[in-house]
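Taken together, the values in this text are just the output of simple stated rules run on the coordinates, not laboratory data. Note that the structure is predicted; figures quoted are calculated from it, not measured. When we count neighbours, we look across all protein chains shown, and the Cβ atoms used for this are built from the backbone with ideal geometry, even at glycine.
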Ligand code: ATP
């Protein structure tokens, strides 16, 4: 199988606390894969391990057929892993345009630039000169995704993108992800919102207490109410 990302047997610790236990997951080019799990299941830690923000003590991260285990996050970003953290990290005193420009990564070229990004994000186009700090939660979420796209990532990693967003904004975000999928953007996201996850993803990986407990296609997952009831808050 041809994977753009393949993580095998990750064991990650915070100090002496063992958080991830042999976590494995893979993403093929063009796919949208969702890592699902309850609060504290280990979704963010998995992404931090992939992105080199917290090095796994054991295991291997292959990205674009290169062993990138424990590489610092700036190198992962240069290699084409675009990470949108849960806490968004918008620069409040900078305008929308200035925040966007910070997403450029020298040497990375592709279809995304400020013009193509704005075409995809009309919500941002209408507030180019506003300060990041004055944006709503939904606008900030769009801006962090747009900023990550400015680096022309080969893989977009979104940590709980719907967290804290009003249902109407979740629906805008869904349309946005669907339109990114139509451009063959490869996406790995984490979610607790089953409805959102099932509407945008091709495959699901479920994590619970730091263990991967399920991997399957979205169709299989939708039929498996047992898994949903056991490992996800429904
Ligand atoms: P959430 O939806 O709450 O972000 P998550 O699935 O992303 O959940 P993680 O943030 O990866 O979960 O947390 C996994 C476990 O690691 C939790 O038990 C959490 O309490 C613990 N943890 C997270 N960050 C730290 C830290 N810096 N030091 C020690 N333990 C931590």
- Message: Placing one identical point scatterer on every Cα of the chain and ignoring solvent, what is log10 I(q)/I(0) from the Debye formula at q = 0.09, 0.12, 0.13 Å⁻¹?
- Response: -0.35, -0.64, -0.75
- Item | Estimated distance in nm for a label pair at residue 217 and residue 75, the labels positioned 7 Å out from Cα along Cα-to-Cβ | 3.7 nm
- Task: Taking the chain as the reference, fit the longest principal axis to its C-alpha atoms, fit the long axis of helix 167-182 to the helix C-alpha atoms, and give the angle between the two in degrees, 0 to 90, nearest 10.
- Result: 80 degrees
- Two-decimal Rg/Rh across region 176-218, once Rg and the Kirkwood Rh are taken from alpha-carbon atoms: 1.00
- Query: For region 1-121, what class follows from the C-alpha gyration tensor (a ≥ b ≥ c being the square roots of its eigenvalues): rounded when a/c is under 1.5, otherwise prolate if a/b is larger than b/c, else oblate?
  - Reply: prolate
- Rounded, prolate or oblate: which one fits region 95-205, using the alpha carbon gyration tensor with axes a ≥ b ≥ c (rounded when a/c is under 1.5, else prolate when a/b beats b/c, else oblate)? oblate
- Item | Near-label residues of region 152-182 by backbone N, under 19 Å of a point 7 Å along Cα→Cβ of residue 106 | 152-153
- Percentage relative contact order, region 1-133, counting C-alpha pairs under 8 Å, at least six apart: 21 percent
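How big is D, in µm² s⁻¹, for region 142-232 by Stokes-Einstein at 4 °C and 1.567 mPa s if Rh is the Kirkwood radius over C-alpha pairs?
92 µm²/s
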- May I ask for the angle, rounded to the nearest 10°, between helix 137-149 and the longest principal axis of the chain, with both axes built from Cα atoms and the value confined to 0 to 90°? 80 degrees
- C-alpha center-to-center spacing [region 33-78, region 168-216] in angstrom: 17 Å
- Query: Contour minus end-to-end for residue 60 and residue 179, with contour as 0.36 nm per residue of separation and end-to-end as the Cα-Cα distance?
  - Reply: 39.7 nm
- Message: Could you order the peptides 60-73, 42-55 from most to least packed, using the average number of other C-beta atoms within 10 Å per residue?
- Response: 42-55, 60-73
- Output row, site residue 13, 7 Å Cα→C-beta label point, backbone N cut-off 20 Å, window region 187-218, residues 209-212
